[in-house]
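Please read the structure below before turning to the comments.
Computed from the coordinates by the stated procedures, all read-outs in this text should not be read as laboratory data. Note that this is a predicted model, so its numbers are computed, not measured. As a convention, Cβ positions derive from the backbone with ideal geometry for all residues, glycine included, and neighbour counts pool all protein chains shown.
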Ligand code: UGA
């Protein structure tokens, strides 16, 4: 059991803090956002993440988890400091390290005993070294410290399960003492024989980017295959399935769609490309994946134009505004560009999302007409466009959809509707790589 402070209570910090408490550690989650901390102290979880409230409540009740807005005090009272602050995309695609550097300085100023500073935020290779330099520069006593890289692999929507039962834990250390402390922090997972990759700090930092970039490449690959499949009257699902049967490829992350979004893949692929560029290394594959992803938003709009060339004055229902299901996150959501594109073509757009509608309005489109249910959204619509594969949309009652719409036109950007049923009901439709089967 370790005394841990987690700095940053976004989705990574909160899930990690509550998860580390669940492993038996004593955890204090801290944030400079006093309002957020106050909410958390009252049991209010500021983000939508399935299972998180239960995890937080359970550990608060067991007195292993606390919240504070006093970051310096939380640091002074802890041996292990996890940094989980944001690293947004900077102007040239690089990760902006302002918050990470500020935390390192605060840690240095509160280094009242040996401490281990562990980075959970996604940071470019070399950041561990930078943190070391900052702490060494700003500390004002002889207390020792270690810096560790422990990237997270949490998926939004299933982050709690990903933390408690991970595929692997990656730990980058450069001292036996730091390794020993990290083994205690993750003792529960060591006992469970979770695969642990113990390596040096730059390798751990790169593993995170390599993993996300590789998954992004897979998605961009299958997205381009879906465009080709439509042009060649082939079925991308069968292609993906057959590819996935080859164990070297695997069927995961071969679902075509409007392109990846969220807070990770777009940012991390750009940051990796920037790092490589700065180091004079060519990364053609990652750069191509980024370009293909940008194009994919446009290729959904092309399908829409192909199906309904004249959109001016037409009512279009966009179902799904979150970048993926089970989250209220709209960062880099495909819906942003696609709604914009629809508007440019003169369409009268109405949106629906079970969780993310408010965020979408807040961050992108305050004027967007939002409906409370699918059925209100599609009422009298000339076209329905599906952009997020929410379960309730997977099970959409197609006869009722046809009845409610003014005209039965559908663009299924996630391939969740049955092509057979659409055909049988007389819908005009397009999807991603199964339009012409
Ligand atoms: C991703 C990674 O999956 C996590 O392992 C990682 O920890 C996280 O980024 C991060 O760096 O913090 P996340 O962004 O929550 O997690 O979501 P994913 O489920 O990976 O989906 C990312 C995007 O790819 C979504 O827009 C999704 O719709 C899209 N996607 C995913 C596809 O278009 N096709 C697929 O086959 C899979």
Taking Cα atoms, how many degrees apart are the long axis of helix 334-344 and the longest axis of the chain, rounded to 10 and kept between 0 and 90?
40 degrees
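Report Rg/Rh for the range 296-406, rounded to two decimals, where Rg is the Cα radius of gyration and Rh the Kirkwood radius. Don't skip to the answer; put the middle values down first.
Details: Rg = 12.8 Å, Rh = 13.8 Å.
Across the range 296-406, the Cα-based Rg/Rh ratio is 0.93.
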Paramagnetic reach from residue 407 (point 7 Å along Cα→Cβ, amide N under 20 Å) across the range 372-386:
377-386
For the chain, alpha-carbon Rg and Dmax in angstrom:
23.6, 76
Rounded to the nearest 500, the 222 nm mean residue ellipticity computed for the chain from DSSP H runs (n ≥ 4, each -39500 (n - 2.57)) alone is -13500 deg cm²/dmol
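Write down Rg/Rh for the range 65-198, rounded to two decimals, with Rg from the C-alpha atoms and Rh from the Kirkwood relation over Cα pairs.
On the way: Rg = 15.1 Å, Rh = 15.8 Å.
Rg/Rh for the range 65-198 comes to 0.96.
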Separation between the residue 130 and residue 372 pseudo-spin-labels, each 7 Å from Cα along Cα→Cβ, expressed in nm?
4.8 nm
Stretch residue 246-residue 279 to full length: gain in nm at 0.36 nm per residue minus the Cα-Cα span?
8.4 nm
Take every Cα pair under 8 Å in the chain that's 6+ residues apart, average their separations, divide by the length, and report that relative contact order as a whole percent.
12 percent
At the level of C-alpha centres, the distance separating the range 363-402 and the range 302-355, in angstrom, is 10 Å
So, by mean Cβ neighbours within 10 angstrom, what's the order for 82-92, 8-18 with the highest one leading?
8-18, 82-92
The helix 52-61 Cα axis meets the longest alpha-carbon principal axis of the chain at an angle in degrees, between 0 and 90 and rounded to 10, of 30 degrees
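Given that compact globular proteins tend to follow 2.2 N^0.38 Å, what is the ratio of the alpha-carbon Rg of the range 212-431 to that value? Please report the intermediate quantities before stating the final value.
Values: Rg = 17.5 Å, N = 220, 2.2 N^0.38 = 17.1 Å.
Compared with the compact-globule rule of thumb, the range 212-431 sits at 1.03.
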The range 345-437, relative contact order [Cα under 8 Å, separation at least 6], %
22 percent
Assertion target for 228, 422, 279, ordered by fewest C-beta neighbours within 10 angstrom first, is 279, 228, 422
By count of other Cβ within 10 Å, fewest leading, how are 318, 197, 169 ordered?
197, 169, 318
Bridge orientation stat for the chain from DSSP, antiparallel percent rounded to 5, came to 5 percent
Footprinting proxy, 390, 375: sorted fewest to most Cβ within 10 Å, the residues are 375, 390
Rounded to the nearest 10, the angle in degrees between the Cα long axis of helix 127-138 and the longest principal axis of the Cα atoms of the chain comes to 40 degrees
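Over the range 3-199, what is the relative contact order in percent, taking alpha-carbon pairs closer than 8 angstrom and at least six residues apart?
Details: 360 pairs, mean separation 40.6, N = 197.
Once divided by the residue count of the range 3-199, the mean separation gives 21 percent.
Which FRET efficiency value, to the nearest 0.05, do you get for residue 340 and residue 47 by plugging their Cβ-Cβ distance into 1/(1 + (r/R0)^6) with R0 = 30 Å? Walk me through the intermediate numbers first.
Numbers: r = 25 Å, r/R0 = 0.84.
Efficiency for this residue pair is about 0.75.
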